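**Q** Would you mind keeping the following structure in view while I ask a few things?
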Amino acid sequence: MKGSSKNSPLDLSPLGEIRARCEKKRIFITAMKEFKSCYCNMFLAVFFCSLFFACVPQKKIVYFQDKSSENKDTTHYSVPQKPDMKIYKKDILTVVVYTENPEALPGIGSSIDTKVVDNRPSYEKGFTVDDAGDLTLPLVGNVHAAGLTVDQVKQAIVQKYKVYIANPVVVVKKLSFKVSVLGEVTHPDIYYVNNESITLLEALSMAGDLTKYGSRTDVKVIRSINGKQEEFMVDLTDKNVLYSPLFYLMQDDVIYVRQLKSKRWADISPQVSIITSVISVTVAVATLLIVTSQK
């Protein structure tokens, strides 16, 4: 006598085939419902995350707000003093001596009526302060400059040339005064300053202002003080920045604008859009198959 099979015999009757097909359809429909539910939950999560990271409070965007809730009187604030531009070793200066006989001072003399456009880079048309802190000028030789202001160096040069020229007119400008602007600004770069001073706001304007992803509340200023790099934080949304000691920049200052968290979401949003599009197409195809199979 043959042993009975452990597996139940297959029902090959038409009714059994119909039951099998209905069971497969039921399993498939259940799986697709779960898949659609998971997709909807993921879509909602992505949607709310995009709203959360994309929305930046107004108080973090507007410049120069009055954040002092108790005292609204600003008369006690003092306008920051414009710093004197000092000369340092390795600085590059342009020195022009105006005289009636500019041929007597080759490389430095000029006539007041003469206008010359010099497109050479600063290191070619200027005089470099050496390691001893001196400028070496034609005819008069060395003039000490390091540690002095631009006006003081100008007066020292005038005294030197008075020995050879009657009433010399001397113009001294610093060619190596520069600041660096980095981070979330429109045009990060090194900017050379033609004037004798520059403010933090002017430097940011030269860089095209902060981008929409730049943090207005966390602007870092890196400054060399007595041979050490010091870091300072500036809040552009607070009007107190207009009275801050950092309002005027110093030579070789570095400005760094921190990136907002919303920038990270903006970087991955294209990939998220592609993924959600693929899932949408998959769900649409699966739904079409379900509808077709039910007919």
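The values are calculated or read from the model by the stated rules, or taken from the named source; none is laboratory data. In this text the structure is predicted, and so the values were computed from the model without any measurement. Glycine also receives a Cβ, built like all others from the backbone with ideal geometry; neighbour counts cover every protein chain displayed.
**Q** I need the full set of residues from segment 165-202 which are over 15 Å from D253 (Cβ atoms) and without any contact (Cβ under 8 Å) to a residue 40 or more places away in the chain, in order please.
**A** A166, N167, T186, H187, N194
**Q** Taking the condition of being under 20 Å from D252 (Cα atoms) and either outside any strand (DSSP E or B) or touching a Leu at 6+ places or on another chain (Cβ under 7 Å) (or both), how many residues in segment 211-232 meet it?
**A** So the answer is 5.
**Q** Sticking with this one: Determine whether F232 is surrounded by fewer than 19 Cβ atoms within 10 Å (Cβ to Cβ) and not polar (S, T, N, Q).
**A** So F232 fits the description; yes.
**Q** Under 6 Å by Cβ, and 6 or more places apart or on different chains, what pairs join a residue from segment 125-143 that is of a type in the set (D, E) with one that is not in a loop (DSSP other than H, G, I, E, B)?
**A** Taking only residues 6 or more apart or on different chains, the pairs are D134/N142; D134/H144.
**Q** Here's another thing I want to ask about it. Quickly run through segment 165-202 and pick out the residues that are among the small types (G, A, S) and either surrounded by fewer than 19 Cβ atoms within 10 Å (Cβ to Cβ) or in a strand (DSSP E or B) (or both).
**A** The answer is A166, S180, G183, S197.
**Q** Could you list, in sequence order, all residues of segment 98-146 that are closer than 22 Å to N167 by Cα, modelled with pLDDT of 85 or more and assigned to a strand (DSSP E or B)?
**A** Answer for segment 98-146, where residues must be closer than 22 Å to N167 by Cα, modelled with pLDDT of 85 or more and assigned to a strand (DSSP E or B): L135, T136, L137, G141, N142, V143, H144.
**Q** Within segment 233-267, how many residues turn out to be part of a loop (DSSP other than H, G, I, E, B) and modelled with pLDDT of 90 or more?
**A** Residues flagged as part of a loop (DSSP other than H, G, I, E, B) and modelled with pLDDT of 90 or more within segment 233-267 amount to 12.
**Q** Would you confirm, using the coordinates I've provided, whether S215 is under 19 Å from K60 (Cα atoms) and modelled with pLDDT under 95?
**A** Yes: the conditions hold for S215.
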